[in-house]
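Asks: The structure follows.
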Protein chains: 2
Amino acid sequence: MTEPIRHSWTDIRDRIHARLLDRTYRPGDKLPRDEDIAQDLGCARSTVQRAMRDLADAGLVERKRKGGTTVRADPVTRATLDVPITRAEVEALGSVYGYHLLLRDLAVTPPAIAATLALRKPVEMLHVEALHLADQRPYILEDRWISLETSPEILGVDLAVESANEWLVRNKPYSRCDLRLYAIEANARTALQLDTPVGAALLVIERTTWINEAPITTVRSVTKPGYQMLTQI
Amino acid sequence: MTEPIRHSWTDIRDRIHARLLDRTYRPGDKLPRDEDIAQDLGCARSTVQRAMRDLADAGLVERKRKGGTTVRADPVTRATLDVPITRAEVEALGSVYGYHLLLRDLAVTPPAIAATLALRKPVEMLHVEALHLADQRPYILEDRWISLETSPEILGVDLAVESANEWLVRNKPYSRCDLRLYAIEANARTALQLDTPVGAALLVIERTTWINEAPITTVRSVTKPGYQMLTQI
DNA sequence: ATTACTATTATGTAGCTACATATAAAAGTC
DNA sequence: GACTTTTATATGTAGCTACATAATAGTAAT
């Protein structure tokens, strides 16, 4: 009697992945149907389904009902990016976290911000500028606008003590988040605040969060020179 | 008799997510066990399991056997980054793709590259420099090293016609990929090739791929000024 | 040939059961 | 009290069935 070995779906996934790597299945090829693979590998179809779902999520194969599974001809490099709370990021580096509030002002959104937030007309929001420090040295400079429609409570928060970054992440869950990454040259003001030469190339992480079509906040985080963003494996 | 409505796991996920958003469940809180939520929402535990798995993957909750499910106190912003083949990226923008091979040379890996690839000692690899164009204008400048151990066939490819980017993506699937993003100032050579002023801030996408601990290639892609990297929703 | 309809088929998913596994909590031991 | 062992329990997962859904392929009508 055959012993009923139970294969984990990750094993099955890895074995199918191995066939992609050794080109048993080549780009553009159609894979056997789940049921046949299941029989071949000695597991249930549901296990193959889970494995295939994962490979499809990773961008390696494409699946279509009735159409079957095909190996992607133009695979994309798909990576997961984690942006933690800045304090946690600094502490994970083994550095001492510090924080300075530079500006806290009620102001009407300038056109660029209004556009980012998809506002019909400019509105008054809380404008905050703050500097995050690692071991006393500038780490990230954030320029943030916070909607008073969705976060009126922010007015009661002492932003000199608790950063808007932390307060919002902890208190304002979002339903949607846009991230964009780009490079800028340090202007005189930024250079002074980040203690870097004017013209230095800096990585910027821009993040906008929404709750049900209503904007919560948009931040432009200018990182210190040499900052690198890494992806999870 | 109660009609047997079948709730999709995405619905269940969204309903639990809504409870995170409206703070029925607050950061640090322990959620009811899957079975109770299932009863509450009128579905099977397996459906809740799938929904919870997704919420955990998104970084919103943490699950532990016996420990139950808790709302993450410090949620991370987790986003998915897609890096397509450059040709596909340019064409998706509605631009005409162009490509120029600038350099193709066998050379011994300089220390920085050897370190990136975790080589014990420098080895000879194929060094390629190429420029990707969008509508005749410089788009991405790539500086690439290709291992002859894992990709000896690359020597037979006419890189003046087919870019190493495309050939490798299509022919050399990888088991691991490191991505790092940072900003640099254009030096004289880069500035000339990308047709940009010296000192311009440029976003760099560095990517290294491996197959079973053996490096395949490492690329430093210097993007044109103003290039932005966006995440999937 | 073109269109409209129908049948077929591969994946997608919900629900069930059974068992595995990690671990928090309780009980026992020194 | 500190440590170890046991027990209870919530999540994790494999396998099964049944049905839903999309899309292709085939058939019939025009």
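Asks: Please turn the phi angles of segment B:143-150 into ³J(HN,Hα) values with the Karplus equation 6.51 cos²θ - 1.76 cosθ + 1.60 (θ = phi - 60°), one per residue in order, whole Hz, x for glycine and proline.
Replies: Per-residue couplings from phi come out as 10, 10, 10, 10, 6, 7, 6, 8 Hz.
Asks: Here's something else I'd like to know. Grab the Cα-Cα distance for B:D40 and B:A188, subtract it from 0.36 nm times how many residues apart they are, and report the gain in nm with one decimal. Can you show the working numbers first?
Replies: Working: separation 148, 0.36 × 148 = 53.28 nm, distance 6.52 nm.
Between B:D40 and B:A188, full extension yields an extra 46.8 nm.
Asks: What does the average come to when, for each residue of peptide B:197-204, you count the partner chain Cβ atoms lying within 10 Å of its Cβ? Write out the running numbers ahead of the final one.
Replies: Values: counts 1, 0, 4, 4, 11, 4, 7, 4.
Counting Cβ atoms of other protein chains within 10 Å of each residue's Cβ and averaging gives 4.
Asks: Still on this structure, I have one more. How many lysine pairs in the protein assembly as shown, separated by 8 or more positions in sequence or lying on different chains, have Cα atoms less than 26 Å apart?
Replies: 11
Asks: Pull up all non-local amide H partners of B:D29: gap of 5 or more, or a different chain, and H-to-H distance under 5 Å with H placed in the peptide plane.
Replies: HN-HN under 5 Å from B:D29: B:V71.
Asks: Would you mind telling me the share, in percent, of accessible area of segment B:41-88 contributed by carbon and sulfur at probe 1.4 angstrom? The partial results should precede the final answer.
Replies: Values: 1080 of 2410 Å².
Result for segment B:41-88: 45 percent of the exposed heavy-atom area is carbon or sulfur.
Asks: Using the Karplus curve 6.51 cos²θ - 1.76 cosθ + 1.60 with θ = phi - 60°, work out ³J(HN,Hα) for each residue of segment A:8-19 in order, rounded to whole Hz, and write x for Gly and Pro.
Replies: 6, 5, 5, 4, 4, 4, 5, 5, 5, 4, 4, 6
Asks: Per-residue HN-Hα couplings for segment A:27-42, Karplus 6.51 cos²θ - 1.76 cosθ + 1.60 at θ = phi - 60°, whole Hz, x for Gly and Pro?
Replies: Taking θ as phi minus 60°, the curve returns x, x, 5, 9, 7, x, 5, 3, 4, 5, 4, 4, 4, 4, 8, x Hz for segment A:27-42.
Asks: Rounded to the nearest 20 debye, what is the charge dipole size of segment B:9-71 about its Cα centre when +1 sits on each Lys and Arg Cβ and -1 on each Asp and Glu Cβ? Intermediate values should be presented prior to the final figure.
Replies: Details: 14 positive and 11 negative charges, 57 e Å.
In debye, rounded to 20, segment B:9-71 gives about 280.
Asks: With a Förster radius of 56 Å, plug the Cβ-Cβ distance of B:S8 and B:L106 into 1/(1 + (r/R0)^6) and report the FRET value to the nearest 0.05.
Replies: Values: r = 56 Å, r/R0 = 0.99.
The pair B:S8/B:L106 has a calculated efficiency of 0.50.
Asks: A further question on this structure: Go through segment B:151-176 and flag every residue whose accessible area shrinks by 50 Å² or more with all protein chains in place compared to the isolated chain (probe 1.4 Å).
Replies: Buried by 50 Å² or more upon assembly, which counts only protein chains, are B:R170, B:P173, B:Y174.
Asks: Checking the a/c ratio against 1.5 first, then a/b against b/c, what shape does the Cα gyration tensor give for the protein assembly as shown?
Replies: Details: a/c = 1.89, a/b = 1.02, b/c = 1.86.
It comes out oblate by the Cα gyration axes.
Asks: What does the charge dipole of chain B about its Cα centre add up to, to the nearest 20 debye, if the Cβ of each Lys and Arg holds +1 and the Cβ of each Asp and Glu holds -1? It would help to have the intermediate numbers written out before the result.
Replies: Details: 31 positive and 32 negative charges, 212 e Å.
Computed charge dipole of chain B: roughly 1020 debye.
Asks: Looking only at other chains, what is the average number of their beta-carbon atoms within 10 angstrom of each beta-carbon in B:182-190?
Replies: Values: counts 12, 16, 5, 8, 1, 0, 0, 0, 0.
Mean partner-chain Cβ count within 10 Å for B:182-190: 5.
Asks: Among B:L159, B:L181, B:V96, flag the residue with its Cα farthest along the positive direction of the charge dipole of segment B:86-223, charges on Cβ as +1 for Lys/Arg and -1 for Asp/Glu.
Replies: Most positive-ward Cα: B:L181.
Asks: Residues of B:82-89, mean number of Cβ from any other protein chain within 10 Å of their own Cβ, rounded to a whole number?
Replies: Details: counts 5, 5, 6, 5, 0, 1, 2, 1.
Partner-chain Cβ atoms within 10 Å, mean over residues of B:82-89: 3.
Asks: Using the heavy atoms of the protein chains and a 1.4 angstrom probe, tell me the accessible area per residue for the protein assembly as shown in square angstrom.
Replies: Details: 24470 Å² over 466 residues.
Heavy-atom accessible area per residue stands at 53 Å².
Asks: Run the quick spin-label model on B:A92 and B:V123: label points 7 Å from Cα toward the beta carbon, then report their separation in nm to one decimal.
Replies: Simple spin-label model gives 3.3 nm for this pair.
Asks: Show me you know the interface measure: the accessible area buried between B and A, both chains summed, probe 1.4 Å, in Å² to the nearest 100.
Replies: Details: alone 14240 and 14250 Å², together 24470 Å².
Counting both chains, the buried surface is close to 4000 Å².
The values are calculated or read from the model by the stated rules, or taken from the named source; none is laboratory data. Because the structure is predicted, anything quoted here is derived from the model rather than measured. No Cβ is skipped: glycine too gets one built from the backbone with ideal geometry, and neighbour counts run over all protein chains shown. Please note that ligands, DNA and RNA were not included when accessible areas were found on the heavy atoms of the full protein model with its side chains. Shrake-Rupley method; radii C 1.70, N 1.55, O 1.52, S 1.80 Å.
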